[in-house]
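See structure below.
The values are calculated or read from the model by the stated rules, or taken from the named source; none is laboratory data. As the structure is a computational prediction, the values presented were derived from the model and not from experiment. Don't worry about glycine lacking a Cβ; one is built from the backbone with ideal geometry, like all the others, and counts go over all protein chains shown. Heads up: the accessible areas ignore ligands, DNA and RNA and are worked out on the full protein's heavy atoms, side chains in. Shrake-Rupley method; radii C 1.70, N 1.55, O 1.52, S 1.80 Å.
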Amino acid sequence: ESSVTAGIGAGPWLVISPHDDDFILGMGLTIAQARQENIDVYVLVVTDGRMGYASVEERDDLVATRHGELKKACVELGIDSDRLIELGYPDGSLTQYQGCNEVGDGLGQVLTGVIRNIRPEFVFAPTGNDLHPDHRVVNREVDMACCWATSKIWLEKGEPLENLARRDYAVYCAFPRCPELEIAGTDSLFQTKMTL
């Protein structure tokens, strides 16, 4: 296909990223191309990134540093600030927040509400083949939230969607089988991604 609009769909898109860098690593070129085609792209970052430090000295400021880098990256990709959602779950601890609970802060419940609010045509998340434990949790929780978002459960979280397509992207792994679609970016888009 000659465009991501033709190859994937016009959107809106909701790209769910376990950490602030995963959507860039896995979909940066695709998102940049989508924004050039005026596709409405939302990015939801699940964790605060606190465990990604390279030296103990940077640990205390890491959440703020990564937040700032995330905002700059979104600007470079053409994602408006009102299209960035940060949930702030503790990095490395997503297994503790799986599913649903009576309080309503289970990751699946929260994602269901976000999906119903944004009403995307496509939801992207890391493939379940990913090696990172947080990425595997996000894959499963997004699958479940997409199911819940189209059902009649938890109507206080918004009206159920009629149509919703779920897609995977790869970060720390290969896909479990050959992808259905490959996006090849231009040299200028690749150079932009490399500066992020």
Applying the selection to the stretch 128-172, what residues are in contact (Cβ under 8 Å) with a residue 60 or more places away in the chain, assigned to a helix (DSSP H, G or I) and either over 18 Å from GLY92 (Cα atoms) or not acidic (Asp, Glu) (or both)?
HIS135, VAL137, VAL138, VAL142
Here is a check on your reading of the model: is ARG177 farther than 20 Å from ASP20 by Cα and of a type in the set (D, E, K, R)?
yes
With among the small types (Gly, Ala, Ser), surrounded by 10 or more Cβ atoms within 10 Å (Cβ to Cβ), over 15 Å from VAL110 (Cα atoms) and modelled with pLDDT of 75 or more as the only criterion, which of ALA149, ALA165 stands out?
ALA165
Report yes if ARG66 is surrounded by 17 or more Cβ atoms within 10 Å (Cβ to Cβ) and within 21 Å of VAL138 (Cα to Cα), otherwise no.
yes
Here the residues within the stretch 12-48 that are open to solvent by less than 20 Å² (accessible area, probe 1.4 Å) and of a type in the set (Gly, Ala, Ser) are SER17, GLY28, ALA32, ALA34
The conditions are (1) modelled with pLDDT under 95; (2) buried (at least 16 other Cβ atoms within 10 Å of the Cβ), and VAL56 fails exactly one of them. Which is it?
(2)
Any residue in the stretch 122-135 that is surrounded by fewer than 19 Cβ atoms within 10 Å (Cβ to Cβ) and among the acidic types (Asp, Glu)?
no
Let me spell it out: the conditions are (1) at pLDDT 95 or above; (2) among the charged types (D, E, K, R); (3) buried (at least 18 other Cβ atoms within 10 Å of the Cβ); (4) over 21 Å from LEU25 (Cβ atoms), and GLU141 meets all of them except one. Which number is the exception?
(4)
Go through (1) farther than 21 Å from GLY26 by Cα; (2) open to solvent by 60 Å² or more (accessible area, probe 1.4 Å); (3) assigned to a loop (DSSP other than H, G, I, E, B) for GLY104 and report which single condition fails.
(2)
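Of all residues in the stretch 14-23, which are under 12 Å from ILE79 (Cβ atoms), touching a helix residue (DSSP H, G or I) at 6+ places or on another chain (Cβ under 6 Å) and not polar (S, T, N, Q)?
LEU14, VAL15 - these are the residues of the stretch 14-23 that are under 12 Å from ILE79 (Cβ atoms), touching a helix residue (DSSP H, G or I) at 6+ places or on another chain (Cβ under 6 Å) and not polar (S, T, N, Q).
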ALA125: modelled with pLDDT of 95 or more, assigned to a helix (DSSP H, G or I) and of a type outside the set (Val, Ile, Thr), yes or no?
no
How about the stretch 130-146: which of its residues are under 16 Å from the mean Cα position of the chain (by Cα) and over 13 Å from GLN109 (Cα atoms)?
ASP130, HIS132, PRO133, ASP134, HIS135, ARG136, VAL137, ASN139
